[in-house]
Number of protein chains: 2
Amino acid sequence: MTSMKTSIPVSESVSSVDMEIGSSWTDSNTSISSTNSYEAMVKVIQTKPRFHSIKDAIHNKILNLRAEGRVDERSFYICDIGEIRRQLNLWKSELPFIKPYYAVKCNPNEEFIKNMISIEPEMGFDCASLAEIETILRINGFINRDNLIYANPIKPISQLRYANNNDVNLTTIDSIEEVEKIANFTDGKMKVLIRIQTDDSSATCPLSVKFGANLQYSEKIVEKCIQLGVQIRGVAFHVGSGFKDSNTLVKAVDDSYKLIEIIEKNQGNKCDIIDVGGGFSKESFKESAKILRQEMEFKFGKSISNGEIKVISELGRFLSASCFTLVSNVIGTREEIGGGKTRVYLNDGLYGNLNCILYDHQEVEPIVITSNGEYVYQESKSNDKKLYSIWGPTCDGLDCISKRVELNYDIKCGDFIGFENCGAYTNAAATKFNGFTNEFDYEFIES
Amino acid sequence: MTSMKTSIPVSESVSSVDMEIGSSWTDSNTSISSTNSYEAMVKVIQTKPRFHSIKDAIHNKILNLRAEGRVDERSFYICDIGEIRRQLNLWKSELPFIKPYYAVKCNPNEEFIKNMISIEPEMGFDCASLAEIETILRINGFINRDNLIYANPIKPISQLRYANNNDVNLTTIDSIEEVEKIANFTDGKMKVLIRIQTDDSSATCPLSVKFGANLQYSEKIVEKCIQLGVQIRGVAFHVGSGFKDSNTLVKAVDDSYKLIEIIEKNQGNKCDIIDVGGGFSKESFKESAKILRQEMEFKFGKSISNGEIKVISELGRFLSASCFTLVSNVIGTREEIGGGKTRVYLNDGLYGNLNCILYDHQEVEPIVITSNGEYVYQESKSNDKKLYSIWGPTCDGLDCISKRVELNYDIKCGDFIGFENCGAYTNAAATKFNGFTNEFDYEFIES
């Protein structure tokens, strides 16, 4: 590692950036072994006929559901593959030297993942469990194993062994006990990143309360790794999902630098990976990216430029949230006596896709898709305003999507309500509570 | 309906109560059509060899899991059938004139339901959806349809039709719009109970925020039912899951009485069902039962005694909570540097069975099952005390089961931690978040 500041080129044009940084992940170095399998998959994915606007796709889906008499059976999603492409390009334009590993936990829909691979053959994947590794290996068994990280600091022994047996040999740790586990239950090929604690008090979903070692404890982990022969490849951090204070990134990069110095001093082997985690949202991305880029340049510029250090990220929300629009059906309404709000009951709610309201602290905005059966999505709004409360289908009083929302249309049983930006931490944790389904329809479009 | 107070006999001995109340649901009037199917099922259920203590069953299961190398794969439940029997007997001893309808949503495990039917052939079931009706009909397609209620005030049209097509023709409503739905989409056989609003502000899980009509609005519903020819069979209420103020029962019974007077005056047909809902917990049951019994005697005593009115309840938590002990495996630990708490990570958590902490506001108490591999469940405790925090297996910081708990044993990776009284609103809403399973092992015992 060389600490001297070296500027990392950044450009709007992805291809020119690729040319400048030798170690860039965007070089098209798809491993030969994976080519055939990958090409076959891409062929399937790309020959599917697709709509090019979300509006047309929703309309078509509703017409089909009506024809099949299935309007109230389950919610459906429109997934815009164009948005994956745009988000990946946005990432590359701002942080071309950081390779994205998609955090499968965020939205494990397999067709979504296949489409992602068809856009980005060398896409990396952050898996939190055996089942997530299995999913990726099922989609592409020939995947270059460097593109997989088992990024859960605490791993059940059986799942750790599964990863090791399947040549997924990079994982995160944050405890001495996990070093012992790796030493005892793997074949010596499993390498680690030490996950350090960050100040994520500004994040919507803080993680450091559960994961991460401070510098003092990290030194003990380094000691234990050396003692038991577990090789440390670098450092990982995560500033929390939906973080708001980008300065926490500066501290995390600085701490990573300090720990890497300690590791290299003690271990002999050089560190070659830094995992900068995730938590980026589309809205604040450019600002966060700038801060992260500057600090990485300042601390690790030369090591990155000369290919000594590979930088990876764990992107969930950033890649998936804006790709998905959720559409659910109105299964009942109730006019409040004496006026006031009208209650609207949907076939989806806090136990279904909108568990994100409870688990992920998301606020969702209902959008009228049909009004009295008429398709009004993205039409100029009427002047009428009505007050609504929006509810899920279960018998639980907690199952409330919105206590009070003003909408410009009349809503009746049979109408459809949509929610945009619903691709992160939604279907991933949907339940079957009250006997409602947790399987949904997915339509893929490309805008 | 006759309002004159008539005492309803109550006794510890269930059989003597059965003899005294002609209309008691505990009369063994199993319908002939269901007998064969039922007997076959009971034979299967009852010939299974069973342990008679939870302690032995957990120990045996752990030994088996160790032998199979599956300790960390998934949590398991021990379900004590004896406890279903005891809870049903407790119910009968306090409220023999109220027939329990098990709220399937609370714990839809099919073997649990089968065992319940084997104990109580004329058990009623409260279904919240098509899938729950399907479950009961799959278990016993010949079930007497009087033993089923589709107790969700807002029903998707397709599911309402399914119920109607399968002769499940009693449902709850709380809106004029639902009356129209029933009139438009069923064949005239669907009968209704009007669900009235209650004061459930003391409940752990209040429901009236979402469901229930006040008296004034109920009158409009009655009008609409008469206008559209939808027959009202009575009134339903629910004072909220885990209610604490039993006096809300008094008000609910009084309101039911008032509404039944209005219905009978306007409709011509007499009301013959009162659904007193659920929300009872084992701890406060006797007190709540006494208040409910007294008020029901006071308002409906004669109508119940002479069989004019059937009283039903929707029991979930009361029947299932104490039947289940959950056992999960320690997949990792982390000693805090410099002493303090030890973190314990389990293979189950807030996205698994312990979603009840978030959705159902439950507080769970971890119990040490094994310590350093040694089976210590229900042993005299050691004097050592250690501070722990207990966590689930996902990468989410929210996935914390207990921030601080003092336990008398040392806990290491591979040990087991249990949670008693875990049968209500647990497995029913478990997710697969992070790729962890939402399928669990169930062992049935009879203590």
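The values are calculated or read from the model by the stated rules, or taken from the named source; none is laboratory data. These numbers were taken from a predicted model, which means no experiment stands behind them. Cβ placement follows ideal geometry from the backbone for every residue including glycine, while neighbour counts extend to all protein chains displayed.
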Residue, nearest to the chain's Cα centre (by Cα), within segment A:336-359, restricted to residues that are of a type in the set (V, I, T) and either more than 12 Å from chain B (Cβ to nearest Cβ) or assigned to a strand (DSSP E or B) (or both)
A:V344
What single numbered condition from (1) more than 30 Å from A:Y375 (Cα to Cα); (2) assigned to a helix (DSSP H, G or I) fails to hold for A:S322?
(1)
Residues of segment B:91-145 satisfying the condition of being acidic (D, E) and closer than 18 Å to A:F436 by Cα:
B:E110, B:D126, B:E132, B:E134
Only one of these is over 29 Å from the mean Cα position of the chain (by Cα) and assigned to a loop (DSSP other than H, G, I, E, B): A:K270, A:K282, A:K244. Name it.
A:K270
So, of the residues in segment B:425-447 that are farther than 22 Å from B:V344 by Cβ, within 12 Å of chain A (Cβ to nearest Cβ) and within 20 Å of the chain's Cα centre (by Cα), which turns out to be surrounded by the most Cβ atoms within 10 Å (Cβ to Cβ)?
B:A429
For the subset of segment A:249-267 comprising residues that are under 30 Å from the mean Cα position of the chain (by Cα) and aliphatic (A, V, I, L, M), which member is surrounded by the fewest Cβ atoms within 10 Å (Cβ to Cβ)?
A:V250
Out of all the residues in segment B:204-241, which are within 12 Å of chain A (Cβ to nearest Cβ), over 25 Å from the mean Cα position of the chain (by Cα) and of a type in the set (S, T, N, Q)?
B:N214, B:Q216, B:S218
Do the conditions hold for A:C422, that is, is it in a loop (DSSP other than H, G, I, E, B), crowded, with 18+ Cβ neighbours inside 10 Å and either at pLDDT below 95 or within 12 Å of chain B (Cβ to nearest Cβ) (or both)?
no
With part of a loop (DSSP other than H, G, I, E, B), surrounded by 16 or more Cβ atoms within 10 Å (Cβ to Cβ) and in contact with a helix residue (DSSP H, G or I) (Cβ under 6 Å, 6 or more places away or on another chain) as the only criterion, which of B:V239, B:V209 stands out?
B:V239
When you scan segment A:190-201, do you find a residue that is out of contact with any Ser or Thr (no Cβ under 6 Å at 6 or more places or on another chain) and within 8 Å of chain B (Cβ to nearest Cβ), even just one?
no
What's the total number of residues in segment A:373-386 that are part of a strand (DSSP E or B) and either farther than 15 Å from A:K412 by Cα or without any contact (Cβ under 8 Å) to a residue 40 or more places away in the chain (or both)?
1
Criterion violated by B:S158 - all others in (1) out of contact with any Asp or Glu (no Cβ under 7 Å at 6 or more places or on another chain); (2) more than 22 Å from B:I273 (Cα to Cα) satisfied
(1)
Answer yes or no as to whether A:T333 is farther than 30 Å from A:F444 by Cα, in contact (Cβ under 8 Å) with a residue 40 or more places away in the chain and facing chain B (nearest Cβ under 9 Å).
yes
Given the criteria in contact (Cβ under 8 Å) with a residue 12 or more places away in the chain, surrounded by 23 or more Cβ atoms within 10 Å (Cβ to Cβ) and farther than 23 Å from B:V253 by Cβ, does B:I62 qualify?
no
Among the residues of segment A:338-381, count how many are in contact with a Lys or Arg (Cβ under 7 Å, 6 or more places away or on another chain) and loosely packed, with under 15 Cβ neighbours inside 10 Å.
2
Exception for A:N347 within (1) outside the structural domain of A:K244 (by TED's automatic domain parsing); (2) touching a residue at least 12 places away in the same chain (Cβ under 8 Å); (3) more than 30 Å from A:F433 (Cα to Cα) falls at (3)
Flagged in segment A:71-100 as hydrophobic (A, V, I, L, M, F, W, C) and over 15 Å from A:E111 (Cβ atoms), in numbering order, are A:V71, A:L88, A:L90, A:W91, A:L95, A:F97, A:I98
Residue within segment A:365-372 that is within 14 Å of chain B (Cβ to nearest Cβ), within 24 Å of A:E336 (Cα to Cα) and in contact (Cβ under 8 Å) with a residue 24 or more places away in the chain present
yes
